[in-house]
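The values are calculated or read from the model by the stated rules, or taken from the named source; none is laboratory data. The structure displayed is predicted, hence computed values, not measured ones. Cβ placement follows ideal geometry from the backbone for every residue including glycine, while neighbour counts extend to all protein chains displayed.
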Amino acid sequence: MKAYWKQFYLKNGKILGSYILIACIFWMLVMIILPQIFMVDFSLRTNVPPPKWGTEVHSYTLEHYKYMVYGSAKAQQSYNVVDLTVFFRTIWAAIMVTIIDLSLCYPVAYFIAHVAKGGWARLMAVSLIVPFWVNEILRAFAFKIMFGSSGVINNFLVWSGILSQPYDFIRDNWALWAGLSYAFILLMIFPIYNAVETLDKNQIEAARDLGSPWWRIHWRVVIPHAKPGISSGCTMVFMLAAGTLAAPQILGGPSSLWFTQIIYQAFNQAGNWARGSAYALVLLITCIIFVLFVMKVFKVKLGEIAR
Amino acid sequence: MKSYHVRRFFILLFVFGFFAYLFGPLILMTLTAFNSSAFPRVTPWECFSAEWFGVLAQDARLLEGLRNSLFIGIGVVCVSVPLGLAGALMLTQVKERIRPWYYTIVISPILVPGVVLGISTLLFWDRVGIMFGMSRESLFYNGIFLTIIGQSTFISAYTMLLFIARLQRFDPGLEEAAMDLGATSVQAFTKILLPFLKPTIASAAVLAFLASFENYNTTVFTIISESTLTTVLASKVRYGINPSISALAVIIVALTLFGAAVFEILKRRELAAEKETKLVAKGLLEKTTRKSLVARVLDPALIMIFLITIAGVGTIYFAGTMGVDECKTIVREEKRKIIERKVRRQQQKAMFKSAVPQEDRTTAPKQQEKVTAKGTEQYKSVFDTQNLQGDPAPDNQETSEPKSNDTATDIFNPSNLRQSTGTE
């Protein structure tokens, strides 16, 4: 070990070596690991006002996790139906958004990478970047305008006679679904595009020459090659959809909550930071489980997912 | 062969639909910025106007948020680029056995939900502040400081990935050669590695700034009592909207388009330069004289883009200021007429109703049913569209001109109502 550090300092010099070491330790400890440990610790303590933090009153308890499952002791139901429903609905919706985005993006990514010709392909690839840098909130705003009861879609449907009166897309969560799929579509298409693009065209040609129908070419040649990209896209979209706050706040109907909104309310309205961090931890653990699941199913490494 | 053509047609249709989905909302939003209607919409089109840009420029809260966002963005660049570089350099040198662990830790912030990062940062610095007995006014309770730290946690991982990609193409022999020739390690770093990484440092800085500028999930928890552009926007969009937000979006989209164009040009030039150096290396081409700095900055394509942008903005602005007032009076007059007509019709109808009860009997129960069904579903449907428009809707079908109708229902428009109640 000593020899290793000697080597390290010999290679980088005193100044640079110390800098790299200090910067990495600061980043890993102070910014990544310790805050997470503090959050876990905080979620396991009673909810007391800030001046009493760290005193005896601020003792360890499991009450916040119990609350999430069983609800408050005074409630009539034996389970916390509201929070649990919201939690499972969020997870389900995030999975659905992932599937929608995957089915939209794979054909387009393949098209841009292998079917479209030179200039057009470049133009399409560049034009994908534009919506990506428009603010998340502004994107949600665009959908609110579009799906509103006097929005373009409703006006068109009423004008063309399909509907007799405007349909409330926002209350029935159509706007939310469309907006969420839109928000993360680019995080799906870029990894898939990058993966598909590296595929040698000759492989496709060879499969075609050997008489393989188009769907089998995809199933046996293109998809296996694009697997790291697909798994990376799926993970990113799922994580971001499950952890998003802006789109449900803006596009969600009055009766639909997102799990992050409950966390947000615990912090900003109920003033119950301990419960908020307990719920945040539940969200984090769910996401970790999902990543491990994807790594297992697609047989990819973490390095291939986070790119 | 026929099936091939059919398939190709459907693929093209699919791709077209995809891009329509991608750009349709943005185009519509852009259009609403130029409609003088107080609610952002495209139809009915009232007057072409640029007034919402003026409203935007006078919004003090938004401007303060913008200032904070810029400041935070610069702070994040200053923190995350050096951190990312250190992290990438560390990865190349860390022991083989520890590497997967190290990589998992530094990459994890990308995969952790932004909300969780924000909360953990907030809690951590709060506790640190208590431990050191800091006052509430100190740095650890400052929203801007916390936001810079919180965002840097994951943005450093982004920049690190960029540096790793670049370092993979670095030949470590160069550094060794320099050191063998007597350079100190610092010299080797500044003379060899840094110039090699320069383009990546630039793109990492841009990426870090943009990622910070548009972040919401982490910021909303760490910002505490301050505000950034995104938090101001979010509260604006949630409680009542007007087209000045669309105007802001137009500015952002225009900047993005400009950036994408510049990026594309730079990339092309880089490719051309690479080709040239390859040819020079092979001895196929005489080393050409390098262009002067002025000639490089004044690329014809860049000048074209710049001029087109100025011309476009100028035309839109002047077109927007000319004749808006007259147009508005006309629209107001039209609206007034339509409302008058409507009131008259309703009065007539009321008279008819008492005279012809039969028609009433067929339509009334249906509406009644709908209202009660919606009402039991959830109490919030007090603000519901259908309930509100229960009266004017049947009315709509009787009139012959649908276009004027749209304007007529303006006062009954649920979205106008929403503005005051909020959808939350």
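Structure values in brief
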{"read-out": "Pairs, first more than 7 Å from every other protein chain (Cβ to nearest Cβ) and at pLDDT 85 or above in the range B:96-117, second surrounded by 21 or more Cβ atoms within 10 Å (Cβ to Cβ) and not in a helix (DSSP H, G or I), C-beta under 7 Å, six or more apart", "value": "B:LEU117/B:THR218"}
{"read-out": "So B:ALA178, is it surrounded by fewer than 18 Cβ atoms within 10 Å (Cβ to Cβ) and at negative phi", "value": "no"}
{"read-out": "Any hit, the range B:71-86, residues being assigned by TED's automatic domain parsing to the domain that holds B:PHE213, in contact (Cβ under 8 Å) with a residue 60 or more places away in the chain, surrounded by fewer than 18 Cβ atoms within 10 Å (Cβ to Cβ) and in a helix (DSSP H, G or I)", "value": "yes"}
{"read-out": "Conditions (1) within 11 Å of chain A (Cβ to nearest Cβ); (2) of a type outside the set (Ser, Thr, Tyr); (3) in contact with a Gly (Cβ under 7 Å, 6 or more places away or on another chain): number failed by B:PHE14", "value": "(3)"}
{"read-out": "From B:SER212, B:SER225, B:SER203, residue being outside any helix (DSSP H, G or I) and of a type in the set (Gly, Ala, Ser)", "value": "B:SER225"}
{"read-out": "Selected residue (criterion: nearest to the chain's Cα centre (by Cα)) from residues of the range A:113-147 that are closer than 23 Å to B:ILE252 by Cα and small (Gly, Ala, Ser)", "value": "A:ALA140"}
{"read-out": "Every residue from the range A:58-106 that is hydroxyl-bearing (Ser, Thr, Tyr), assigned to a helix (DSSP H, G or I) and touching a Lys or Arg at 6+ places or on another chain (Cβ under 9 Å)", "value": "A:TYR67"}
{"read-out": "Some residue of the range B:104-125 being out of contact with any Pro (no Cβ under 7 Å at 6 or more places or on another chain), over 28 Å from B:VAL253 (Cβ atoms) and either basic (Lys, Arg) or not in a helix (DSSP H, G or I) (or both)", "value": "yes"}
{"read-out": "Tally of residues being under 16 Å from A:LEU16 (Cα atoms) and buried (at least 19 other Cβ atoms within 10 Å of the Cβ) across the range B:194-224", "value": "1"}
{"read-out": "Filter result (of a type in the set (A, V, I, L, M, F, W, C) and either within 15 Å of the chain's Cα centre (by Cα) or at the interface with chain A (Cβ under 7 Å from one of its Cβ atoms) (or both)) within the range B:216-240", "value": "B:VAL220, B:PHE221, B:LEU229, B:VAL232, B:LEU233, B:ALA234, B:VAL237"}
{"read-out": "Hits in the range A:247-278 (condition: closer than 13 Å to A:THR90 by Cα and more than 7 Å from chain B (Cβ to nearest Cβ))", "value": "A:ALA247, A:PRO248, A:GLY252, A:SER256, A:LEU257, A:TRP258, A:PHE259, A:GLN261, A:ILE262"}
{"read-out": "Filtered residue count, the range A:124-146, keeping only those that are farther than 15 Å from A:ILE189 by Cα and assigned to a helix (DSSP H, G or I)", "value": "11"}
{"read-out": "Qualifying residue in the range B:262-271 (condition: under 17 Å from A:ILE137 (Cα atoms) and either of a type in the set (D, E, K, R) or buried (at least 18 other Cβ atoms within 10 Å of the Cβ) (or both))", "value": "no"}
{"read-out": "Residues (surrounded by 14 or more Cβ atoms within 10 Å (Cβ to Cβ) and out of contact with any Leu (no Cβ under 8 Å at 6 or more places or on another chain)) located in the range B:156-173", "value": "B:ALA157, B:LEU161"}
{"read-out": "Hey, B:GLU46 in contact with a strand residue (DSSP E or B) (Cβ under 8 Å, 6 or more places away or on another chain) and in a loop (DSSP other than H, G, I, E, B) or not", "value": "yes"}
{"read-out": "Elements of type helices (runs of 4 or more DSSP H) in the range A:214-295, at least 2 residues being out of contact with any Phe, Trp or Tyr (no Cβ under 6 Å at 6 or more places or on another chain) and surrounded by fewer than 22 Cβ atoms within 10 Å (Cβ to Cβ)", "value": "A:214-217, A:223-243, A:259-268"}
{"read-out": "The range A:107-121 - residue that is more than 8 Å from chain B (Cβ to nearest Cβ), out of contact with any Phe, Trp or Tyr (no Cβ under 8 Å at 6 or more places or on another chain) and part of a helix (DSSP H, G or I) and, of those, modelled with the highest pLDDT", "value": "A:TYR110"}
{"read-out": "Hey, B:THR92 assigned to a helix (DSSP H, G or I), within 28 Å of A:THR235 (Cβ to Cβ) and modelled with pLDDT of 85 or more or not", "value": "no"}
{"read-out": "Top-ranked residue of the range B:198-209 - restricted to ones that are at pLDDT 85 or above and within 16 Å of the chain's Cα centre (by Cα), ranked as nearest to B:CYS47 (Cα to Cα)", "value": "B:PHE209"}
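So that you can scan it fast, the table gives a plain yes or no per residue for (1) more than 17 Å from B:ILE27 (Cβ to Cβ); (2) in contact with a helix residue (DSSP H, G or I) (Cβ under 6 Å, 6 or more places away or on another chain); (3) within 11 Å of another protein chain (Cβ to nearest Cβ):
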site: A:PHE132; (1), (2), (3): no, yes, yes
site: A:LEU138; (1), (2), (3): no, yes, yes
site: A:GLN165; (1), (2), (3): yes, yes, yes
site: A:PHE169; (1), (2), (3): yes, yes, yes
site: A:ILE192; (1), (2), (3): yes, yes, no
site: A:GLU197; (1), (2), (3): yes, yes, no
site: A:LEU210; (1), (2), (3): yes, no, no
